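Worksheet: one structure, shown below.
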Amino acid sequence: MRVVVVRSVRGGGGSSTVAANLAAAMQQLGYSCLLLDLCQSNDLRLHASVDPCEPDGWARRLVADQAWEVAVFGAGGSCRVIPFGELDGDAYERFLAFPQEALVAFAEQVQAGFSPAADWLIVDAPPLVSQHSAAFESMLHAFSKSASLRLLAVPPEAPAYTSLRFSTRVRNAAADYHLLLNRAAPEVAINRDLSLVFRQEFASRMVPIRIGADSALAEAFASLRTVFQYSPDSEAAREFHALAIWCQASLVGERS
Amino acid sequence: MSRDTGGSDRLVVRRSQLSVLRWLFKPDIKRMFEARYDEYRGARGYSRIGRLLVGAWLYFSYCFLKPEIFGVPSWRLLKVLFPHVDLSRPRLGDLLRMPIQLIWLLLFKQVSTRDRRRIRQFYRLADLRSRRVLFRLVALTRLSIRKLQHTFARRENTESEGAKPPRESWELAGFTMSLLLGFAGFLAFICITVPFSLTAQAGFVSALIITALILRQVPGRYPALMLMMLSLIVSFRYIWWRVSSTINFDDTLGLILGIILLLAEAYAWLVLLLGYFQTIWPLRRSPEKLPDNTDEWPTIDLMIPTYNEELDVVRATVLACLGLDWPREKLRIHILDDGKRDSFKDFAAEVNVNYIRRPTNEYAKAGNINYALKKTSADYVAIFDCDHIPTRAFFQVAMGWFLKDPKLALVQTPHHFYSPDAFERNLGNFRKIPNEGTLFYGLTQDGNDLWNAAFFCGSCAVIRRDALEEIGGIAVETVTEDAHTSLRLHRKGYNSAYLRAPVSAGLATETLSAHVGQRIRWARGMAQILRLDNPLVGPGLNWRQRLCYFNAMLHFLAGIPRLVFLTAPLAFLLLHTYIIFAPAALLLLYVLPHMFLASVVNSTTQGKYRYSFWGEVYEIVLSWYVARPTTVALFAPDKGKFNVTAKGGKVENFYYDWVISKPYIFLILLNIAGIIWGGVRIAFGPEDEVAAVLVNLGWVLYNLILLCAAVAVAGEVKQVRSAPRVEVDMPASIRLPNGRAYQASLRDFSIGGLRIDLEDSSVVGDYTRVDIQLQRANRTFSFPARIVFSNNQMLGLRLEPMTRQQKIDYVQCTFARADLWVRWKRDYDIDRPGVSFGQVVSAAAQGLRISLESGPRPLPWIVRGISFIIRSLRSVAPVRVEAKAL
């Protein structure tokens, strides 16, 4: 199983959109995927047609001291999703205080795989700028250490650029991530220019595919589906298809 | 709006047509019937009887047939079995068509592959088999050649070890080599001069032809060289024989005509010989790398001379030049406007390029450039005709060699045309058959380059300024200033280079008359150079360069010899003189191998650049028109003026260019008279002449085919757009105002608009204003556009007003893509002479039909009658059915 970690610089960078649609594209290529949501916002599941009222998730199960394997949802086809789960105030407190070993153990369990085995594990991780407990950080580290591909979804907009350029903490955290331009809008001058700036400054780490601004993505999310189900002839579908092929091609030769 | 009402209208009609179904069936059954009924609808809709017929059939098949027969849904069976019958609007002829088809279906097994494909497969298989049989032989030949090369190389090495000064390559081999050459020459001399009996000649030529056919199967250049040798032997032998034993001294008229024919043949033979020399080893020069440090890159003046072209044509070129990959401060773009138009001046100011206007107009383009040379100062001068759009890599490709070779004065790149020329448009073979220029830019210039004789073609070239100034600027004495300029550069000891990469693209001449006008100018100019500055004499050139230039000029003198060939057989058929004084069988044994081997060689060496027989068609079209100007220019070289080639126009309606085709119609009539008279002579003439008449009839027939094909070009096909479109297949995307973006593929583009394919164009809805996004070098650019038409899969877009940078980006994303034209060149297959002859014949048939249709009164009626009969017969003929089980 190959692991892809998708993050964004700041909140709203589109990491869960990228993760969910990348999984859908992988599925189109004939792979089985496992989606894992590590964000408390818990919205990866919505891309994967899980009922919005469904509170279940791995964090919720762990806090309740139950087996997290129960919280795996089928997401159509060979794709499965593990939501974060809804945590109310009390449960959230307990989650924050959760011991490091238990979280790392969870990470290892997920990566060790379970049946039926998945070809790809796509992890939607929280934004770089957000603060986490040390335990959570070490779990993130466990995932990103074993990931064969780390993608950073960056909208070509000024906030993402300033964080990435001028915040030392973010820059260090992003050091081993590939940058994926998301929501690129060539008809907007500032967007186009910043795309060029990103390409210039992070030339060696840019993913050669960009995801354009396409309201099909937002509409697909609103209708609880991926863009491949919602509008297969949209430009975004083609871009995610290309992204999936790129991911696969850039890992050729590495052991899975 | 209008589309919507149309749709609802159709809905209403359908409802009324099928209202009876509502009472008979459940809604989903009714819907099913409606769908099936719709599928049977022909292009012109239902007639009353069609409605009844189809309805009855659908009901019958629904009630009585099993759901699937022969692997197709049974209700569709009639459509599948009788594809050529429109059931929704049956005609009387269908009563004949259907039984015939039925009988055919009963008697013959239907195979899903088409006949033509099977023939092609058979051809391929046979080709493969023959190759396999030949392989051992071929492998042995190659092995021995390789061994020979090795021993040769070893000997060379041992010789050069003695620290000898480097000598000319043909002197290298020394004594043994000259001995060998002498021996080979002696053998060749015997082969050429010894007279043979009929049987000996037959044996000799068949041995040569078989060797040639075997050699043809071997890829590579050495076999091609050997083929050339064989062809040379046969051709020499032919000419020797013609001179020594076929001149008719008994008859004055025959003697005169015979000598004229012999001279024409000698000309053709010389051109063939020089052509072999020119293309013996095309250099295939590759671009030289530029230094990494851009400070070392030289400065360039890019000149775009224009006289009467439209601003739109020039605009694309200038915008593409602005996007060239070269340091901005080192590239100065100048529009050299000889037309003195303020619109051009304004445009130049708008896009921030230099505008040069000269007070006078003398010496046309050459004078225009020479004036600009005085006003500019960069190290190099690049010249682009105003319709030649450079791709952005142009200078990166072209400039490297200048830095490597300080004596290099000229780099020429091919003129690639993205619009069809008169031949391609009127014959409808654009991008299927290599056009006229492909041979020159694909092979001839490359061959010239080996001998350091690649010459300047007026555009898409870079010249070193100090060299150009040394010879006094562009030559102004002749109307082909380009070739003359490079001739002068070569005389001064400068080198030239030719790079084969298509790094720019331009407009081809639109109409046949413009094409002919342009070629008349070239022919006249070349003849002028031959007189004023003969490359065979004068200082500075080596003999190889002399021959290359001489051949280039000789090529344009082809008019009169070609006319001689077209009329020569008539001398025998109509005038009854023997201009070739030889028995028919012997003549055939001499002339056919000569022609056959020449065309085998040409098909082998030129296969990708010119298909067999097409060269003759191209030449015939021009022959009449270049005959007079070249002759005049040879005798009075200072006459003649520069005429500008009109481009970017449009042909409003189909018309037949009678003026251009008049001489050829006359020749066709002559040939037809010859055929008729020949037939009469076979029927009533003396017995011993029949063979000669048959040979001449064959010749006349061949001429007639070529003439008819030439005449087909005169039927000018309608062209509606003035801005020609470039057909491509590139990914693009379209973005709607609602924020949705859809995948699309770009079908074609022009400077003002584009056409894209969409999976389903109904997604566009009521929007008219969209953004089209194109990619280049991994960057995406967005251009505002307005939808001007749409059908269910395609959108036609017109670009909205854009900023200067957007315009540059648009040209960069379309015309100036570095890889765009390279792909075009690869599309051509290798020549197959049989197929090529078939194409010429079909063009000839087209030509015959067109000229008869636009001829005087009774002719069009006859043609229409005949084609009606053929069409109706063909419509009755059975059609192959694509069904698995049949």
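The values are calculated or read from the model by the stated rules, or taken from the named source; none is laboratory data. Only a predicted model underlies this, so the values are computations on that prediction, with no experimental measurement involved. Note that each Cβ is placed from the backbone with ideal geometry, even for glycine, and that neighbours are counted across all protein chains shown. Accessible surface areas use protein heavy atoms only, side chains included; no ligands, DNA or RNA. Shrake-Rupley method; radii C 1.70, N 1.55, O 1.52, S 1.80 Å.
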task = Tell me, please, whether a residue that is more than 30 Å from B:Met553 (Cβ to Cβ), among the polar types (S, T, N, Q) and within 32 Å of the chain's Cα centre (by Cα) can be found in segment B:212-220.
result = yes
ask   = Which residue, of A:Ala189, A:Ala175, is more than 11 Å from chain B (Cβ to nearest Cβ), out of contact with any strand residue (DSSP E or B) (no Cβ under 6 Å at 6 or more places or on another chain), over 17 Å from A:Ala236 (Cβ atoms) and surrounded by fewer than 20 Cβ atoms within 10 Å (Cβ to Cβ)?
value = A:Ala175
ask   = Residues in segment B:799-814: is at least one assigned to a strand (DSSP E or B) and either over 30 Å from B:Ile672 (Cα atoms) or within 14 Å of chain A (Cβ to nearest Cβ) (or both)?
value = yes
request  = Answer with yes or no whether A:Val154 is within 20 Å of A:Val6 (Cβ to Cβ), more than 12 Å from chain B (Cβ to nearest Cβ) and either charged (D, E, K, R) or touching a residue at least 60 places away in the same chain (Cβ under 8 Å) (or both).
outcome  = yes
ask   = How many of the residues making up segment B:507-527 are over 19 Å from the mean Cα position of the chain (by Cα) and β-branched (Val, Ile, Thr)?
value = 1
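Is it true that B:Trp240 is part of a helix (DSSP H, G or I), open to solvent by 50 Å² or more (accessible area, probe 1.4 Å) and of a type in the set (Phe, Trp, Tyr)?
yes
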query = Which members of segment A:192-234 meet the condition of being small (Gly, Ala, Ser) and open to solvent by less than 20 Å² (accessible area, probe 1.4 Å)?
reply = A:Ser195, A:Gly212, A:Ala216, A:Ala220, A:Ser231, A:Ser234
query = Could you list, in sequence order, the residues of segment A:196-235 that are among the polar types (S, T, N, Q), in a loop (DSSP other than H, G, I, E, B) and within 11 Å of another protein chain (Cβ to nearest Cβ)?
reply = A:Ser231
request  = For segment A:21-39, name all the residues that are surrounded by fewer than 18 Cβ atoms within 10 Å (Cβ to Cβ) and of a type outside the set (Ser, Thr, Tyr).
outcome  = A:Gln28, A:Leu29, A:Gly30
key: A:Ser15 being under 21 Å from A:Ala236 (Cβ atoms), open to solvent by 60 Å² or more (accessible area, probe 1.4 Å) and touching a Lys or Arg at 6+ places or on another chain (Cβ under 7 Å)   = no
query = Only one of A:Ala118, A:Ala160, A:Ala135, A:Ala153 is at pLDDT below 90, open to solvent by less than 50 Å² (accessible area, probe 1.4 Å) and not in a loop (DSSP other than H, G, I, E, B); which?
reply = A:Ala135
ask   = Restricted to segment B:245-259, and to residues that are at pLDDT 90 or above and open to solvent by 70 Å² or more (accessible area, probe 1.4 Å), which residue is farthest from B:Ser599 (Cα to Cα)?
value = B:Ile256
message = Take the conditions within 11 Å of chain B (Cβ to nearest Cβ), on the phi > 0 side of the Ramachandran plot and either among the aliphatic types (A, V, I, L, M) or open to solvent by 30 Å² or more (accessible area, probe 1.4 Å) (or both) and apply them to A:Arg183. Does it pass?
response = yes
inquiry  = As an exercise: evaluate B:Arg544 against (1) open to solvent by less than 10 Å² (accessible area, probe 1.4 Å); (2) touching a Phe, Trp or Tyr at 6+ places or on another chain (Cβ under 8 Å) and give the number of the one condition it does not meet.
reply    = (1)
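Scan segment B:556-572 and tell me whether some residue there is of a type in the set (S, T, N, Q) and either within 30 Å of B:Glu477 (Cβ to Cβ) or not in a helix (DSSP H, G or I) (or both). Before the answer, list the steps.
Going residue by residue through segment B:556-572, those that are of a type in the set (S, T, N, Q) are B:567.
Restricting the remaining residues to those that are either within 30 Å of B:Glu477 (Cβ to Cβ) or not in a helix (DSSP H, G or I) (or both) gives none.
Within segment B:556-572, not a single residue is of a type in the set (S, T, N, Q) and either within 30 Å of B:Glu477 (Cβ to Cβ) or not in a helix (DSSP H, G or I) (or both).
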task = Only strands (runs of 3 or more DSSP E) wholly contained in segment B:691-794 count here; list those with 1 or more residues that are away from every other protein chain (no Cβ under 14 Å).
result = B:726-735, B:741-749, B:753-758, B:779-790
ask   = Checking B:Arg798 against (1) farther than 30 Å from B:Leu707 by Cβ; (2) open to solvent by less than 20 Å² (accessible area, probe 1.4 Å); (3) not hydrophobic (A, V, I, L, M, F, W, C), which test does it fail?
value = (2)
